[in-house]
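Okay, structure first, notes after.
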Amino acid sequence: MPVRQIIHVDMDAFYASVEQLDRPELQGKAVIVGGDPQARGVVSAASYEARTFGVHSAMPMAQAVRLCPHGVILPVRMDRYAEVSHVIQSLFERYTPLVEPLSLDEAFLDVTDSRNLFGPAEQIGRRIKQQIRDQTHLTASVGVAPNKFLAKLASDLKKPDGFVVITEQNRQEILDPLPVGKIWGVGKVTEGTLQGHGIRTIAELRGRTCAELRAVVGNAAEELLRLACGEDDRPVEPDRERKSLSSEQTFATDVREESLLTGVLLEEVEEVAERLRRHHIKARTITLKLRYGDFRTVTRSETLHAATNLTKPLWEAAAGVFRKWQGRSGGALRLLGFAASGLEPEHAGQQWLFPDPEQEKLKRLDEVMDRIRDRYGRRAAHRGTGGLPGDPPTPA
Ligand SMILES: [Mg+2]
């Protein structure tokens, strides 16, 4: 088997960089993208200028503001980031069909068979990096390596605007001095456990026998040793199916009022339904996530008769679950979320020779709503909740 050639591309501080691109006056400034600091929001992305103050993603926004009081706080504009992401993804697809996106700003490419057409993997990596810059005016960090683990590690080594090639020859030299936390899958807890046994670097990990390691981390020992030697045979998986699409809101103060909650829920259903349609997928199961003021969280699911991406049936199911929950417990909520899962391609399953006119009508209504929102923004078109939850939504 020929040595595989994997490229990992990771955009630098992606959301924050897109904001700086769209508003040049923000270039060189500390930009923090995320939720409202007054409303328990969290940081989605921070520009490198903000990172020097210790701000990082997933940190509570209130803490970020304390660390970096002069930072410019901006809301998340997912549609815009998705637009830029689309440009980057289509660039990848020029070089190989084997693209595995990990998120909007990160992907693996298997270019093993692309070399006949485009030259060595390193050259492909450099071209992609340059083309991203030319087409989006943003920087990416790129790693080229014989497997996914090393490629991801490589893209991270010289961030931002990095370009690192790891080969069979230099891999051990690069791996050995790194902390064990750099190994894919080793989180804070495992890192702490390993450190507790005197294993801080990858070299120290590699110095242990499998039996010794098993006493520390159990069944993960073999896999860890393989990774410590830079070995990883996981394939790049294109079209890796998304398991669910979701939308949730955390409230600034706990909310009990039914009309407010159903309004939020409808917004979430509309957003998820729109994303399903945009990705040409349908969902078979819906789930509500309800978190109380004391952080107790319950989820309630329902499976639909047939998979759909139409707003109305998704909303009816969501509203029905909401009403049932409310009838039983109610209570003030800190968070309300909606998720769609059991995803399948839009055209999978039964094709109807004679489409149901009611379904066709709903489909056209959704298309109109999607177009309005595309043109005028998310807030432009909303349906009413139509009174009691469970009642059909009033068409806008
Ligand atoms: Mg990134």
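Quick note: the coordinates plus some simple rules give every number you see, no bench work behind them. This one's a predicted model, so the numbers in the text were calculated from it and none came from an experiment. Don't worry about glycine lacking a Cβ; one is built from the backbone with ideal geometry, like all the others, and counts go over all protein chains shown.
At full extension, Asp113 and Asp356 could sit 82.9 nm farther apart than now, given 0.36 nm per residue minus the alpha carbon distance. Spin-label pair Glu222-Leu260: with each label point 7 Å from Cα along the Cα-Cβ axis, the two points sit 5.5 nm from one another. Ranking of Leu213, Leu224, Leu117 by neighbouring Cβ atoms within 10 Å, starting from the fewest: Leu117, Leu213, Leu224. Farthest towards the positive end of the charge dipole of segment 172-228, among the residues Ile174, Thr209, Trp184, is the Cα of Trp184, using unit charges on the Cβ of Lys, Arg, Asp and Glu. Rounded, prolate or oblate: which one fits segment 172-228, using the alpha carbon gyration tensor with axes a ≥ b ≥ c (rounded when a/c is under 1.5, else prolate when a/b beats b/c, else oblate)? Rounded. A prolate overall shape is assigned to segment 244-380, the ratio a/c of its alpha-carbon gyration tensor axes (a ≥ b ≥ c) being 1.5 or greater and a/b exceeding b/c. Amide H contacts under 5 Å for Val31: Ser47, Glu49, Ala50, Val72, restricted to partners 5 or more places along the chain or on a different chain, H placed in the peptide plane at 1.01 Å from N.
Computed from the Cα positions only, the extents of the chain along the three principal axes stand at 67, 51, 50 Å, in decreasing order. According to the square roots a ≥ b ≥ c of the eigenvalues of the Cα gyration tensor, what is the shape class of segment 1-162, taking rounded for a/c under 1.5, prolate for a/b larger than b/c otherwise, and oblate for the remainder? Verdict is prolate for segment 1-162. Each label point was placed 7 Å from the Cα along the Cα-to-Cβ direction; for Met59 and Ala203 their separation is 3.2 nm. About its Cα centre, the chain has a charge dipole of approximately 600 debye under the convention of +1 per Lys or Arg Cβ and -1 per Asp or Glu Cβ, with nothing else charged.
Ignoring lysines fewer than eight residues from Lys282 along the same chain, the ones with Cα atoms less than 19 angstrom from its Cα are Lys243, Lys312, Lys361, Lys363. Here Lys29 is the anchor, and the lysines within straight C-alpha reach of less than 20 Å, apart from those fewer than 8 places off in the same chain, are Lys159.
Using the Cα centre of segment 78-169 as origin and beta-carbon charges of +1 (Lys, Arg) and -1 (Asp, Glu), tell me which of Asn147, His86, Leu157 is placed farthest towards the positive end of the dipole. After comparing all options, I get Leu157. Packing, taken as the mean count of other beta carbons within 10 Å per residue, orders the peptides 98-109, 325-336, 152-163 from highest to lowest as 98-109, 152-163, 325-336.
Projected label points at Lys188 and Asp156, each 7 Å from Cα along the beta carbon direction, are separated by 1.5 nanometres. For segment 72-126, the share of alpha carbon pairs falling in successive 10 Å distance bins from zero is 22, 44, 22, 10, 2 percent.
Ranking of Glu316, Glu258, Glu25 by neighbouring Cβ atoms within 10 Å, starting from the fewest: Glu25, Glu258, Glu316.
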